[in-house]
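Working notes, beginning with the structure itself.
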Ligand SMILES: Nc1nc2c(ncn2[C@@H]2O[C@H](COP(=O)(O)OP(=O)(O)O)[C@@H](O)[C@H]2O)c(=O)[nH]1
Ligand SMILES: [Mg+2]
């Protein structure tokens, strides 16, 4: 019996020692480089003896990643020794929609390709026009814009007579662009002429992507050389402020936050105050996802706005809408517009929907331009909305 226990103890000690050394050598790379013939870093070290320390303490200073040259790719990369991430340099904003246009492929397949296929039919009878209408309605273009577009297309196709695919594409492009609107100013106003900082408030229902958008927008501004303070006026959950702060830290933007369940208006007020004192260019205020059915919460949003405006008028109030929610999003938009003056729309999650037509519908609904679109969860997946690039993405090459 005793011998069995002894054997087990020895086995455990030996295994422990092996394990410790192997892990130690992986982690610290303190073993001399293995000979080229046998590049196996798990080669057993000298046999330990009973009574030896299972873990030999290793106290040589850890080398930084620069000092470690990886031998012919056989050693694992030492992630834990990487220096803490420095402030990131976000991608420039120009041309983002072009870079991300493939993300609109669902809308492209459902809307652009569908329309072109139908329009190419030899006989455009009433049934075909109805199918065209259905496609537009299914893509959330909205009833009124759909009727307008179909009327225009019918008229122009008649004039055209025979149609080449190129002609059809050109025609559809023109008419879609007319609906989307090319002569509106879609710049996000962050720099008033007479004072600093510019103040931007981000509103919308929970889960639409407000915090993410605020974080992404901070990156856009930093990429453009601006300095930013963030205000975490979503005080309902501490996690919300953490989430925003994390976005801020990645680009070196300071986040003003208040006590959990504290007054959102006072956090927003303090954020602008802090932004003024720090002399930054822009203050971005993230708010809680007030459900539009809760009148009290909506009133509170009005209060945030009023309190912030004791400093200066808001330069921009961005309403964030989840493009996948369709009609529901339009209802939300209407209610928010009653409480605050929306100056721009951010449509998020356009990467996950075939309903790209919502861009047209929501602009009609609010008479406010879509200024930014979200095309993914990545940090730089927020693009300035450019009608041409958008329509081109919808109808494909
Ligand atoms: N696919 C995709 N996901 C997004 C986009 N924008 C936000 N999200 C995701 O939507 C979820 C909710 O976002 P969050 O910013 O926390 O919403 P909030 O409650 O309005 O602040 C998160 O998982 C985001 O990553 C987008 O443009 N595309
Ligand atoms: Mg949030």
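So the values come out like this:
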quantity	calculated
Rg and Dmax of region 147-297, Cα atoms only, in Å	21.8, 68
Inter-label distance for residue 397 and residue 150, nm, one decimal - labels placed 7 Å from Cα along Cα-to-Cβ	3.3 nm
Virtual paramagnetic centre 7 Å along Cα→Cβ of residue 130, amide N under 17 Å, in region 143-180	147, 150-151
FRET E, pair residue 167, residue 338, Förster distance 51 Å, beta-carbon r, rounded to 0.05	0.70
Cα gyration tensor, region 224-293 - rounded (a/c under 1.5), prolate or oblate	prolate
Value of relative contact order over region 331-377, rounded to a whole percent, pairs C-alpha under 8 Å and six or more apart	50 percent
Point-to-point label distance, residue 184-residue 106, nm (Cα→Cβ direction, 7 Å offset)	2.3 nm
Sequence of 345, 135 once ranked by neighbouring C-beta atoms within 10 Å, starting from the fewest	135, 345
Full-extension gain in nm, residue 263 to residue 276, via 0.36 nm per residue minus C-alpha separation	2.6 nm
Computed over region 244-327: relative contact order in percent, which uses C-alpha pairs under 8 Å that are six or more apart	25 percent
Part-to-part distance (alpha-carbon centres) for region 131-145 and region 204-229, which is given in Å	32 Å
Order by protection proxy (mean Cβ within 10 Å, highest first), peptides 270-278, 115-123	270-278, 115-123
Contact order normalised by residue count of region 159-249, Cα under 8 Å, 6+ apart, percent	16 percent
Spacing of the two label points (7 Å from each Cα toward its C-beta) at residue 246 and residue 194, in nm	4.1 nm
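Coordinate-derived values only; no laboratory data. Since this is a predicted model, take the numbers as computed values, not measurements. All Cβ positions, glycine included, derive from the backbone under ideal geometry; neighbour counts span all protein chains shown.
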